[in-house]
Amino acid sequence: MSLARLICQSNKHKTVFAKASFPTFSNVKDHRQNPLVPLVVPTVNLSYLDPIPHQQKQHSYSGKGHFQIYDPNCVIIGLVIPSTALEAKFGLISQRSLVTL
């Protein structure tokens, strides 16, 4: 199993990898409510990376390569990217409806 796949699938190893200088990117739900772990959709909200220095201090990560970033679930990404483009072109979308199966 590759390191990237292990990072993506194993919840208990994420902090271990971050403390060992591996930037950790994942899409599991463990830290989605943690204000120190940004949820990032790269084409939409790169400013959400701002909490990383606070995360590093809180968890005693040393160095710039030590951090954890998560993305929202795949359904949200599929909605956020086109919604952002539409809002940039036409203005704020006041209501959205999404159904998943």
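The values are calculated or read from the model by the stated rules, or taken from the named source; none is laboratory data. Owing to the predicted nature of the structure, the values given are computational and were not obtained by experimental measurement. Every residue, glycine as well, gets a Cβ built from its backbone with ideal geometry; the counts of neighbours run over all protein chains shown.
Structure summary
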{"read-out": "Residues within the stretch 75-101 that are in contact (Cβ under 8 Å) with a residue 24 or more places away in the chain and in contact with a helix residue (DSSP H, G or I) (Cβ under 8 Å, 6 or more places away or on another chain), tallied", "value": "1"}
{"read-out": "From the options PRO35, PRO72, residue that is in a loop (DSSP other than H, G, I, E, B), in contact with a strand residue (DSSP E or B) (Cβ under 9 Å, 6 or more places away or on another chain) and in contact (Cβ under 8 Å) with a residue 12 or more places away in the chain", "value": "PRO72"}
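Yes/no matrix, rows are residues, columns are (1) modelled with pLDDT of 80 or more; (2) surrounded by fewer than 11 Cβ atoms within 10 Å (Cβ to Cβ); (3) among the aliphatic types (A, V, I, L, M):
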| site | (1), (2), (3) |
| --- | --- |
| MET1 | no, yes, yes |
| SER10 | no, no, no |
| SER47 | yes, yes, no |
| ASP50 | yes, yes, no |
| GLY91 | yes, yes, no |
